[in-house]
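> Below is one structure. I have some questions about it.
The values are calculated or read from the model by the stated rules, or taken from the named source; none is laboratory data. As the structure is a prediction and not an experimental result, all values here were calculated from the model. Methodologically, a virtual Cβ is constructed for each residue, glycine included, from the backbone with ideal geometry; neighbour enumeration extends over all protein chains shown. These accessible areas exclude ligands, DNA and RNA; they are computed on the full protein's heavy atoms, side chains included. Shrake-Rupley method; radii C 1.70, N 1.55, O 1.52, S 1.80 Å.
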Amino acid sequence: MSANPASSAPAFIRPAAAPLESAVGRAVNRRYLADESEAVRELLQLARLDAATGAQVRQLAVELVESVRRNRTRKGGLDAFLRQYDLASREGVILMCLAEALLRIPDADTADRLIADKIAAGNWSEHVGSSDSLFVNASTWGLLLTGKLVRPDPEELSNPGAVIARLATRLGEPVVRAALRQAMRIMGHQFVMGRTIEEALARAAEAENRLFRYSFDMLGEAAMTTEDALRYLAAYSHAIAQVGAARADLPDEAAPGISVKLSALFPRYEFAQRERVLAELAPRLLQLAAQARDARVALTIDAEEAERLEISLELIDRVLQAPFVAGWGGFGLAVQAYQKRASDVLRWLIERARTHQRRLMVRLVKGAYWDSEIKRAQERGLAGYPVFTRKPNTDVSYLACARLLLAGADVVYPQFATHNAHTVASIIHMARAAGKSFEFQRLHGMGEELYAEIVGPDKRDL
């Protein structure tokens, strides 16, 4: 494959030297494939803290981490499970492979063979009783449900793998397969609120969950056909109606919300189909935004792959210009700090919000498509990568973007999605110095131990 991006990149990937056609592109694409070291040097000027503040941030981060470690035994959810079966262990890799693969294997025979092969390869005895979490210990025994299939003798407690293998022989692999599938569903319950929006709203109303606000993500793949897209559109519309009916009389920023994936609303969501996207997808997005405004439900546009960023921003600008958005502070989007364009995207968003006199919610995330972004850039022979290739550089970008968001808080409501204690400490000090309000966000089932230190009746005085 040629290394020349001008000859190898398809039409929807804009080579570094290509003319920038749209106003959005001219505003945000300067750093699309920028030299990473140069991009980080520029961002460091925004991210850097003075020595005294830096020391305070480190101290707070250390206090948060130490407190989390002291209090780990009070909860035993997915965080505890992932610590016990991390991806540095063979068993952790086995479980993650099973969890991912069983969702994709269509026939029972192949699933049986996979289970037999993978379970036999693990040294499960190393994990028996080694965690203080009941969840983890139950998971070790047949991933939560094996104990319902057999009651082992005391001497068998040292060899769960042999017990599971014997189960497969005695009861048949379909029984073990059913148990493992159910176990995966139980594990999924740790970070999925519900199978339907009604179930998710019911869980959100439970006592402990009422400490948090929720933005509900309608999990699903990108639309492959128009029928898929219309089905997702109906699902989003139904979810907005249900959330709107359940919400209390809250201001826009405190209201529950819905996260929308634009690729679910149009089967050809790519730059090569720009005219069709603007003509066919834009009305669907405007329809959902108008419904969300009427229901006083927050609507957030999820971030996707780098090649879709420019067209996403064009769609968002269409919504910002719509008259019905005036006076509504519930429309927003996610911005990925691992993209080299993130800081320019935020500058553009702040400028557009001021131009249209709108208030925009902005969720700052680090990014979720790193592997595929690297692979796609390599496949296309691009001159560089649209994302940072080193995690510390993404961290620098995140803090620089956080400062930009706080500086633009007159027209944006900053939402910081992170599970990192140092990032949390940095945001707290930045916001305190700027005198701005903001919110932290986390994935359901993740980061619970960290946020238990700063949320709730016994929260820290931060």
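> Among the helices (runs of 4 or more DSSP H) confined wholly to region 362-462, which include 1 or more residues that are closer than 24 Å to Val68 by Cα?
Result: 391-407, 421-434, 448-451.
> Related question: Run down Leu364, Leu404 and say which single residue is among the hydrophobic types (A, V, I, L, M, F, W, C) and open to solvent by less than 20 Å² (accessible area, probe 1.4 Å). Walk me through it before giving the result.
On the way: Leu404 fails: open to solvent by less than 20 Å² (accessible area, probe 1.4 Å).
From the options Leu364, Leu404, the qualifying one is Leu364.
> Of all residues in region 214-237, which are at pLDDT 90 or above, open to solvent by 60 Å² or more (accessible area, probe 1.4 Å) and farther than 18 Å from Leu281 by Cα?
Of everything in region 214-237, nothing turns out to be at pLDDT 90 or above, open to solvent by 60 Å² or more (accessible area, probe 1.4 Å) and farther than 18 Å from Leu281 by Cα.
> Next question. Only residues that are among the charged types (D, E, K, R) and under 14 Å from Val28 (Cα atoms): list them for region 293-349, please.
Hits for region 293-349 are Glu307, Arg308, Glu310, Glu314, Asp317, Lys340, Arg341, Asp344, Arg347.
> Can you tell me which residue within region 383-395, out of those that are open to solvent by 30 Å² or more (accessible area, probe 1.4 Å) and touching a residue at least 12 places away in the same chain (Cβ under 8 Å), is farthest from the chain's Cα centre (by Cα)?
Selected residue: Ala383.
> Separate question: With respect to Glu379, is the statement that it is more than 23 Å from the chain's Cα centre (by Cα), of a type in the set (D, E, K, R) and open to solvent by 20 Å² or more (accessible area, probe 1.4 Å) true?
For Glu379, the condition - more than 23 Å from the chain's Cα centre (by Cα), of a type in the set (D, E, K, R) and open to solvent by 20 Å² or more (accessible area, probe 1.4 Å) - is met.
> Give region 204-236 a look and list any residue that's farther than 26 Å from Phe416 by Cα and of a type in the set (Ser, Thr, Tyr), or say none.
Thr225, Thr226, Tyr232
> It is to be established whether one or more residues within region 299-319 are under 18 Å from Phe438 (Cα atoms) and under 19 Å from the mean Cα position of the chain (by Cα).
Yes, there is a match, as at least one residue in region 299-319 is under 18 Å from Phe438 (Cα atoms) and under 19 Å from the mean Cα position of the chain (by Cα).
> Would you call Glu304 open to solvent by less than 50 Å² (accessible area, probe 1.4 Å), of a type outside the set (S, T, N, Q) and outside any helix (DSSP H, G or I)? Give the derivation first.
On the way: open to solvent by less than 50 Å² (accessible area, probe 1.4 Å): yes; of a type outside the set (S, T, N, Q): yes; outside any helix (DSSP H, G or I): yes.
Against the criterion (open to solvent by less than 50 Å² (accessible area, probe 1.4 Å), of a type outside the set (S, T, N, Q) and outside any helix (DSSP H, G or I)), Glu304 qualifies.
> Another question, then. Conditions first: (1) in contact with a strand residue (DSSP E or B) (Cβ under 8 Å, 6 or more places away or on another chain); (2) under 26 Å from Arg318 (Cβ atoms). Arg354 passes all but one, so which condition is the exception?
If we test Arg354 against (1) in contact with a strand residue (DSSP E or B) (Cβ under 8 Å, 6 or more places away or on another chain); (2) under 26 Å from Arg318 (Cβ atoms), just (1) comes out false.
> When residues of region 24-33 are filtered for being surrounded by fewer than 20 Cβ atoms within 10 Å (Cβ to Cβ) and among the aliphatic types (A, V, I, L, M), how many remain?
Adding up the residues that qualify gives 1.
> Which of the residues spanning region 247-281 are surrounded by fewer than 16 Cβ atoms within 10 Å (Cβ to Cβ) and either assigned to a helix (DSSP H, G or I) or hydroxyl-bearing (Ser, Thr, Tyr) (or both)?
Ala254, Ala272, Glu275, Arg276, Leu278, Ala279
> Among the residues of region 292-301, write down those that are of a type in the set (A, V, I, L, M, F, W, C) and either under 12 Å from Leu349 (Cβ atoms) or buried (at least 21 other Cβ atoms within 10 Å of the Cβ) (or both).
Just the residues of region 292-301 that are of a type in the set (A, V, I, L, M, F, W, C), to begin with: 292, 295, 297-299, 301.
Passing the criteria: Ala292, Val297, Ala298, Leu299, Ile301.
> How many residues does region 320-342 contain that are closer than 21 Å to Asn393 by Cα and either in contact with a Cys (Cβ under 6 Å, 6 or more places away or on another chain) or part of a loop (DSSP other than H, G, I, E, B) (or both)?
5
> Check whether at least one residue in region 339-350 is within 21 Å of Gly257 (Cα to Cα) and under 24 Å from the mean Cα position of the chain (by Cα), and report yes or no.
Start the filter on region 339-350 by keeping residues that are within 21 Å of Gly257 (Cα to Cα), which leaves 349.
Okay, now just the ones that are also under 24 Å from the mean Cα position of the chain (by Cα), so 349.
Scanning region 339-350, I find at least one residue that is within 21 Å of Gly257 (Cα to Cα) and under 24 Å from the mean Cα position of the chain (by Cα), so the answer is yes.
> Here is a follow-up. Hey, can you tell me all the residues within region 307-361 that are open to solvent by 10 Å² or more (accessible area, probe 1.4 Å) and aromatic (Phe, Trp, Tyr)?
Passing the criteria: Phe324, Trp348.
> May I pose another question? Criterion first (acidic (Asp, Glu) and at pLDDT below 95) does Asp371 satisfy it?
So Asp371 passes the test.
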